[in-house]
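Contents: one structure, followed by commentary.
No lab work stands behind these numbers, since they all come straight from the coordinates. Note that the coordinates shown come from a computational prediction; the quantities given were computed from them, not determined experimentally. Cβ placement follows ideal geometry from the backbone for every residue including glycine, while neighbour counts extend to all protein chains displayed.
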Amino acid sequence: MADSSSLRSLVRRGVAWSTLDVAVNRASTFAMGVVVARLLSPDDFGLYAVALVVHAIIVNISDLGVSVALLRDDEQAVEAAAPTVTTIALASSFVLGALMAATAPILAPLLGAADATIVIQVMAITLRSPASQPCRAPCSAETSAWTRCSSRTPETRSYREPS
C-alpha cells in the first residue's frame, strides 16, 4: 500500500510540474509576442508571424520521435541508444534548417508574404531540435531503479520498480 501512495504522490507532483511547465511556456510565449508586437510595425510583425509559423512546423518535425525512445527503454538500452538519438536529432535539425532556408523563397510567397523570405532564412539558423538534449540530468545507479532520465523535472520521471 505504501508503494501505491508513493506512486500516487509521484504522479501528482509530476502532473503539477507538467502543468506549471505548460503554463510558464505559454505565458512566456504570449509575453514575447506582446513585446515583439510592440517593437515591430504591424507589417513587420506579420512577416515575423509568417516565419514563426514555418519555424514551429519545422521544429515539430525535427524531433522525428526518436527522443521518446529514450524515455521508454531500460537503462542499458538508453545508454546504448543515446548517442545515436542525439546524432539523428542534430542531423535532422541541420538538414531541416538548411531545407527551411533553401525553400524560404518558395514558402514565403505561398504564405502570402514574399517579404518574409529573409526572416524565414534567419529563423532557420536558430532551428534546434528538442531531442538534441534528450537528458539534461545524468542517470545514476542510485536513481535508475526508481526514476528515468527525462528532459523535465525529477518529479515527471516515470516510475520503475526496483529489480
**OP:** Report the full-extension gain for the segment Ala16 to Val35: residue separation times 0.36 nm, less the Cα-Cα distance, to one decimal in nm.
**Re:** 4.0 nm
**OP:** Would you calculate the separation in nanometres between label points at Asn25 and Asp43, each defined as 7 Å from the Cα along the Cα-to-beta-carbon direction?
**Re:** 3.5 nm
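Would segment 1-110 count as rounded, prolate or oblate if I go by the C-alpha gyration tensor, calling it rounded below 1.5 in a/c and otherwise prolate when a/b exceeds b/c, oblate otherwise?
Values: a/c = 4.37, a/b = 1.47, b/c = 2.97.
Oblate shape, in that a/c is at least 1.5 and b/c is the bigger or equal ratio.
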Original post:
Rounded to the nearest 0.05, what FRET efficiency do Ser9 and Ala114 have when you use their Cβ-Cβ distance and R0 = 41 Å?
Top reply: 0.15
